[in-house]
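Here the structure is laid out as structure tokens; the discussion comes afterwards.
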Amino acid sequence: MKDKFYLTTAIAYTSAKPHIGNTYEAILADSIARFKKKQGYDVFLQTGTDEHGQKIEEKAKAAGKTPKEFVDEVSAEIKRLWDLVGVSYDKFIRTTDKEHEKQVQKIFRKLYEQGDIYKGSYEGWYCTPCESFWTESQLVDGKCPDCGRPVKKAQEEAYFFKMSKYADRLLKYYEEHPDFILPLSRKNEMINNFLKPGLQDLCVSRSSFKWGIPVDFDDKHVVYVWLDALTNYITGIGYDADGKGSELYQKLWPADLHVIGKDIIRFHTIYWPIFLMALGEPLPKRVYGHGWLLQDGGKMSKSKGNVIYADDLVDVFGRDAVRYYVLTAMPQGADGLISWESVIEKVNADLANVLGNLVNRTIAMSNKYFGGKVEDKGVSEEVDNDLKAAAYAACGKACKAMEDYCVSDALEEIFNLFRRANKYIDETAPWILAKDQTKADRLATVLYNLTESIVIGLSLLYPFMPETALKGAANFGLSLRDFDKLDKFGAFKETKVKETPEILFARLDQKAVMDKVNAMQAERAPKETAAKEPEKASKPMIDIEDFEKVQLKVALVLACEKVEKSNKLLKLTLKVGDETRTVVSGIAKHYSPEDLIGKKLVIVANLKPVKLCGIESQGMIVCAENTEGKIAFLSPEKDIEDGSEIF
Ligand code: ME8
């Protein structure tokens with residue numbers, strides 16, 4: 001009997017079409033699922049959409065649709081994108097599925113009846129886009145600590161879940177399962193920032209909006225998103241709050257892996273295990289919080305038409321190139337960047353130059369020298385051993401990297417094999433062997449060895465780039481192999497390569513691709529402006545007296561550090577003539593402290609002091625911002641004393 005492996009992605013909000021960042025997660029989970037299948041596991045992959053909440057209710061209203069009409073459309077779009085990038089899910093759950101709704105109601109009632117949920121009243125700061133309540137001390141600059149947007153005070157009757165009751169048991173679970181949270185660094189953050197200071201009870205119902213699953217014994221309330229969303233992992237496979245659940249549930253639960261983004265690790269490693277403890281169900285084995293894929297060169301914005309979507313990428317580069325790019329863009333847990341230009345570079349450097357070239361050259365030589373026939377003539381030389389060793393070791397190395405889901409490392413190992421094979425061509429110089437009739441068998445052996453290395457590499461590549469792997473092997477007239485057959489050459493006696501093989505990846509011309517991309521974005525921008533993000537309006541004309549009210553001065557940065565509790569703010573110590581000032585500036589995402597120390601810049605010196613994150617800021621750094629959100633501080637054109645006035 002094969003071991004089961006149940007993995008899930010987060011369920012995506014149906015508030016808008018997902019950009020390539022959200023899509024990355026589905027590709028990542030799919031690659032893991034396919035890899036596990038190749039390793040012989042009986043895999044089940046669940047993904048889906050998270051469809052309730054105030055934000056979605058508001059978006060639907062703005063679009064002139066009912067919430068259900070709205071989520072039906074967006075959920076279908078998400079499913080279409082997942083299909084487009086080749087996500088091989090076994091179940092696509094929607095939180096508006098009747099069975100899910102029914103079970104969430106039962107779960108809520110059960111937790112209420114056993115005393116884990118109680119009725120109280122909530123007062124706090126609410127961020128509508130994030131659907132999160134925050135306490136005063138959690139706010140940064142009086143704004144949402146997650147997205148930096150304004151929050152509003154809110155109070156309402158609500159049901160709460162007694163989180164603190166389970167904190168000790170959760171700590172014990174962390175101790176007994178040191179691998180539970182990946183990357184490991186996030187475990188300490190959960191313990192020190194949330195569990196140790198004491199868990200706050202969690203609000204699990206809302207009565208200020210309607211778009212949610214009604215609490216069946218108190219229909220003023222709807223279940224608040226996280227209890228609704230997290231339980232998808234069990235309801236999707238047949239959990240039943242009143243019984244043992246379906247056969248599938250009994251087979252699959254507990255999950256082997258939840259693949260989620262770094263921003264929702266807290267919900268998955270604290271709230272979710274605690275809900276499960278309260279329900280008396282086993283806890284998931286692992287939660288992997290991947291990094292974020294961010295757009296290089298400024299914020300993605302619909303009004304600028306520069307949001308990168310998976311379907312546009314697939315249109316320009318093809319499915320597997322997109323999969324390869326996103327899977328290699330970030331080492332485990334870290335963030336990565338994407339831009340059209342960087343995808344072009346990567347496609348050329350790795351896919352065309354390394355893989356495409358290797359396959360083309362090998363097939364072309366087999367066609368040229370042997371009419372397409374490949375067979376081992378057994379004339380080995382010393383140089384073959386190194387290639388064989390690299391090929392035999394590749395599977396072990398890729399599997400090792402995949403133990404902790406280091407997908408980019410696994411791909412690196414596979415491409416190292418392709419690089420090694422390219423080097424083997426240079427070392428053996430088949431075109432020289434071809435000139436000497438007596439070397440024909442050696443030449444055949446070289447081409448056989450190359451074919452074997454490539455097919456081993458392609459078999460390992462399959463989980464990440466399925467179409468390429470299949471197409472590549474078919475070019476050689478061969479099939480992909482199981483992982484347990486990748487540790488030796490000799491799996492085929494002879495084969496015939498295609499006379500005109502399908503090109504896997506050709507080199508891209510940067511200008512031609514960018515022209516296509518720009519045309520696509522130009523066409524889209526005006527249409528998407530309808531979704532409206534207000535552009536900054538011109539300001540009214542002012543008199544010189546108005547301008548003179550502003551005192552601008554040159555300042556020298558003596559010291560600079562990040563403001564704790566904030567990922568946006570830097571604290572600068574400035575010398576402005578004879579005085580020293582502290583200024584807090586929201587430029588941490590654009591500059592690190594080392595970039596600024598010793599620099600001269602311009603400040604507004606007569607701005608009333610304000611407290612930011614508890615630090616008094618005595619002035620403001622003058623910066624330029626372009627339409628993409630790129631920031632640059634201003635500096636005097638030649639050296640001039642700090643304290644100098646600007647007029
Ligand atoms: O958080 N790069 O939904 P969501 C990589 N409904 N991953 C990203 C990303 C980026 N730029 N932006 C978002 C939700 N993600 C909830 C989940 S689960 C019970 C409920 C990831 O649509 C994000 O971290 O905002 C999350 O894992 C997933 O995409 C869906 O995000």
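Numbers below:
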| item | result |
| --- | --- |
| Matching residues in the range 143-174 - criterion: being assigned to a helix (DSSP H, G or I) and surrounded by fewer than 15 Cβ atoms within 10 Å (Cβ to Cβ) | SER164, ASP168, ARG169, LEU171, LYS172 |
| Complete set of residues in the range 35-89 that are closer than 24 Å to ASP256 by Cα, over 18 Å from the mean Cα position of the chain (by Cα) and basic (Lys, Arg) | LYS36, LYS37, LYS38 |
| Subset of the range 592-647 [open to solvent by 40 Å² or more (accessible area, probe 1.4 Å), of a type in the set (Gly, Ala, Ser) and under 23 Å from ILE544 (Cβ atoms)] | ALA624 |
| Count of residues meeting criterion [surrounded by 23 or more Cβ atoms within 10 Å (Cβ to Cβ), hydrophobic (A, V, I, L, M, F, W, C) and within 21 Å of ILE32 (Cβ to Cβ)] in the range 314-345 | 4 |
| Residue check, ALA588 in a loop (DSSP other than H, G, I, E, B) and closer than 27 Å to GLY629 by Cβ | yes |
| Cβ-Cβ under 6 Å pairs, at least 6 apart or on other chains, the range 199-224 side open to solvent by 40 Å² or more (accessible area, probe 1.4 Å), far side assigned to a loop (DSSP other than H, G, I, E, B) | ASP201/LYS162; ASP201/MET163; TRP211/HIS52; LYS220/SER207 |
| Answer from ALA530, ALA444 - the residue that is open to solvent by less than 70 Å² (accessible area, probe 1.4 Å) and either over 27 Å from ALA421 (Cα atoms) or at pLDDT 95 or above (or both) | ALA444 |
| Among the candidates LYS565, LYS589, residue that is on the phi > 0 side of the Ramachandran plot and either out of contact with any Leu (no Cβ under 6 Å at 6 or more places or on another chain) or open to solvent by 20 Å² or more (accessible area, probe 1.4 Å) (or both) | LYS565 |
| ASN348 being open to solvent by 50 Å² or more (accessible area, probe 1.4 Å), in a helix (DSSP H, G or I) and over 24 Å from ILE32 (Cα atoms) | no |
| Test: residue in the range 243-257 that is modelled with pLDDT under 95 and open to solvent by 10 Å² or more (accessible area, probe 1.4 Å) | yes |
| Test for MET330: is it touching a residue at least 60 places away in the same chain (Cβ under 8 Å) and either within 14 Å of the ligand (Cβ to nearest atom) or under 19 Å from THR468 (Cβ atoms) (or both) | yes |
| Selected residue [within 11 Å of the ligand (Cβ to nearest atom) and touching a residue at least 24 places away in the same chain (Cβ under 8 Å)] from GLY86, GLY40, GLY53 | GLY53 |
| Checklist (1) of a type outside the set (Ser, Thr, Tyr); (2) touching a Ser or Thr at 6+ places or on another chain (Cβ under 6 Å); (3) assigned to a helix (DSSP H, G or I) applied to PRO331, failing item | (3) |
| Single condition ILE20 does not satisfy, out of (1) within 14 Å of the ligand (Cβ to nearest atom); (2) modelled with pLDDT under 95; (3) within 29 Å of VAL204 (Cβ to Cβ) | (3) |
| Residues (in contact with a Cys (Cβ under 8 Å, 6 or more places away or on another chain) and over 14 Å from PHE633 (Cα atoms)) located in the range 566-583 | SER566, LEU569, LYS571, THR573 |
| Residues of the range 362-386 classified as open to solvent by less than 70 Å² (accessible area, probe 1.4 Å) and closer than 21 Å to LYS471 by Cβ, total | 8 |
| Matching option when the condition is among the β-branched types (Val, Ile, Thr) and either on the phi > 0 side of the Ramachandran plot or outside the structural domain of VAL354 (by TED's automatic domain parsing) (or both), among ILE425, ILE432, ILE503 | ILE503 |
| Residue check, GLU412 within 21 Å of the chain's Cα centre (by Cα) and free of Cβ contacts under 8 Å to residues at least 12 places away in the same chain | no |
| Counted residues, the range 225-252 - those being free of Cβ contacts under 8 Å to residues at least 40 places away in the same chain and within 30 Å of SER15 (Cα to Cα) | 2 |
| Enumeration of residues in the range 95-105 that are out of contact with any Asp or Glu (no Cβ under 6 Å at 6 or more places or on another chain) and open to solvent by 10 Å² or more (accessible area, probe 1.4 Å) | ASP97, LYS98, GLU99, GLU101, LYS102 |
| Sole exception among (1) over 22 Å from CYS144 (Cα atoms); (2) part of a strand (DSSP E or B); (3) touching a Gly at 6+ places or on another chain (Cβ under 6 Å) for ALA555, by number | (3) |
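For every residue, the table says whether it meets (1) small (Gly, Ala, Ser); (2) under 22 Å from VAL316 (Cβ atoms); (3) touching a residue at least 12 places away in the same chain (Cβ under 8 Å); (4) touching a Ser or Thr at 6+ places or on another chain (Cβ under 8 Å).
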{"position": "ILE20", "(1), (2), (3), (4)": "no, yes, yes, no"}
{"position": "GLU25", "(1), (2), (3), (4)": "no, yes, yes, yes"}
{"position": "GLU73", "(1), (2), (3), (4)": "no, no, no, no"}
{"position": "TRP82", "(1), (2), (3), (4)": "no, yes, yes, yes"}
{"position": "PHE92", "(1), (2), (3), (4)": "no, no, yes, yes"}
{"position": "GLN105", "(1), (2), (3), (4)": "no, no, yes, no"}
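The values are calculated or read from the model by the stated rules, or taken from the named source; none is laboratory data. Worth saying up front: this structure is predicted, and the values here are computed from it rather than measured. Cβ: placed from backbone, ideal geometry, glycine included. Neighbour counts: every protein chain shown. Areas reflect the complete protein model, heavy atoms only, side chains present, ligands, DNA and RNA absent. Shrake-Rupley method; radii C 1.70, N 1.55, O 1.52, S 1.80 Å.
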